[in-house]
1. Which ones in the range B:108-126 are farther than 14 Å from B:Gln30 by Cβ and basic (Lys, Arg)?
2. Could you say which residue among B:Ile171, B:Ile145, B:Ile141, B:Ile156 is in contact with a strand residue (DSSP E or B) (Cβ under 7 Å, 6 or more places away or on another chain) and at pLDDT below 95?
3. Return the residues of the range A:40-58 that are touching a Lys or Arg at 6+ places or on another chain (Cβ under 9 Å), closer than 17 Å to A:Asp93 by Cβ and not in a strand (DSSP E or B); say none if nothing qualifies.
4. In the range A:116-142, what count of residues is obtained for those that are part of a strand (DSSP E or B) and touching a residue at least 60 places away in the same chain (Cβ under 8 Å)?
5. Would you confirm whether any residue within the range B:35-53 is more than 11 Å from every other protein chain (Cβ to nearest Cβ), assigned to a strand (DSSP E or B) and over 21 Å from B:Gly95 (Cβ atoms)?
6. What pairs come up if the first residue lies in the range A:25-49 and is within 14 Å of chain B (Cβ to nearest Cβ) and free of Cβ contacts under 8 Å to residues at least 24 places away in the same chain, the second is crowded, with 18+ Cβ neighbours inside 10 Å and aromatic (Phe, Trp, Tyr), and their beta carbons are under 8 Å apart, counting only those six or more places apart or on different chains?
7. Just the residues that are among the aliphatic types (A, V, I, L, M) and either in contact (Cβ under 8 Å) with a residue 40 or more places away in the chain or under 23 Å from A:Pro202 (Cβ atoms) (or both), please, taken from the range A:143-173.
8. Based on this model, can you work out whether A:Leu245 counts as surrounded by 15 or more Cβ atoms within 10 Å (Cβ to Cβ), aliphatic (A, V, I, L, M) and either in contact (Cβ under 8 Å) with a residue 40 or more places away in the chain or touching a His at 6+ places or on another chain (Cβ under 8 Å) (or both)?
Amino acid sequence: MKHKLKGVALTCAAIAGLAVSVSASAHPRWILPSHFTVSKEGGDWLTFDVTASHGTFVFDKPAGSESASVLMPDGRSERPNFVIRGKRRSIFDFEFTEQGTHKVAVNGTPTYWTKYKAGRRDTVKWLKANKAERDAELPTKSRDVITQLSFTRTESYITVGKPSQSALEIEGKLLELKPITHPADIVEGEPVTFQFFYNGQPQSGVTVDVTRDGTLYRNQQDQLDLVSDKQGMIKFTPEHAGRYLLRANHKGELKNNPLADTSSSNVHLTFEAVLQ
Amino acid sequence: MKSGKLLALAALLASTAISANSAALPGNAQMDVNFTLPKIDTSMYARPYVAIWIEDQNRRPVRTLELWVGKDEWLKDLRSWWRKVGRNDKALVDGVTSATRPAGHYRFVWDGKDDKGNRVEQGSYTFLAEVVREHGGRNLIRQKIELGTQGFSHRIAATEETGTVTLDYKIN
């Protein structure tokens, strides 16, 4: 009996392990700004925590900040001034001196996993290889071979003085979120609209969850589960002021891509809903 | 055709309704504001930041009457006023800013003019006062007001960070 249970546990662990290695959202990477709004004349330093965890704003894995970028109100991109990597999070600081809205991002690089079946029992296996690399590594009698690209955008918006629009524009690559409600205008009890794009086109069917800070200290997640409509829009109303983590995923086909057949791309946006 | 005529009629009616309301306030109309910052017994008392302003019926800011603040770093803590007014118009902020004040009674008068110095039109408005105190709390009080040819008095109950506030609209 005991052995049997142990066996079940081991199997579960194996499945969980596989899921972690394959799905980018297993430990979602997110960014947490110290402030979202700057009113100080001449600007101010802000600090950012970056980690990957299952808890909303609970630090866990030391996701790096080396790829962090700040899209400035005039469209140029800057790098953080200081980056530190700890055991359970990384940190970077940036001095915001220009008026307007900035997009802060810690985007990953695309990763490629190839899924295939092999052996007499059609066991599903995974290989960390893209379409160009996979043939050299796949066993000769592999079946149902498919390569998936995984990509995650981890982002947040900072506004110094008067909000501006240019940093909200999309770049037309994979899954992206365009705030229709300006991130500096998200207020408790007022409706928010965001629009999703996939390769630059409005995308329906994007699955989204939105969770408010503080899950450690309440019994239920109280997350909002949403799906984008025909125009790629989601609408929701944050009931309480606070910091929120939005996670969106879309799985799509890739046409004429030399490296992958399908994609799974994510947007992890941290935003605040201010008091009325 | 028929619906077209009806629409035109409706548009005409709507425009006359607006023009009937769009008369400016009577030249001698003004609103007296009696405002109180309560004495708060606490070990860490800092004078609060205070913003007092008027919004029109579309919740757009019309006039900032008072702004009692210290370092601009903390202006954003006047969350509502910062979002609606402060962040959008630096010149206005500079023009209206004064120092923080101690607990006590304050009286000031709104002359019925907007931020640009024009007399506002008659209609529905909202009086707002936002008070936020370091180490302390924040209160945002609102009072709907009807500015026309009739005087009125409103009494806004005290909150944690505000004492009783009275508004007296007079046409002398």
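The values are calculated or read from the model by the stated rules, or taken from the named source; none is laboratory data. Everything numeric in this text was worked out from a predicted model, so none of it was measured. Here the Cβ positions follow ideal geometry from the backbone for every residue, glycine too, while neighbour counts run over all protein chains shown.
1. B:Lys116
2. Going through B:Ile171, B:Ile145, B:Ile141, B:Ile156 in turn, the sole match is B:Ile171.
3. Once the filter is applied, which keeps residues that are touching a Lys or Arg at 6+ places or on another chain (Cβ under 9 Å), closer than 17 Å to A:Asp93 by Cβ and not in a strand (DSSP E or B), the range A:40-58 yields only A:Lys40.
4. Residues meeting the conditions: 1.
5. yes
6. A:Ser34/A:Phe48
7. A:Ile146, A:Leu149, A:Ile158, A:Val160, A:Ala167, A:Leu168, A:Ile170
8. Judged against the criteria, A:Leu245 is a match.
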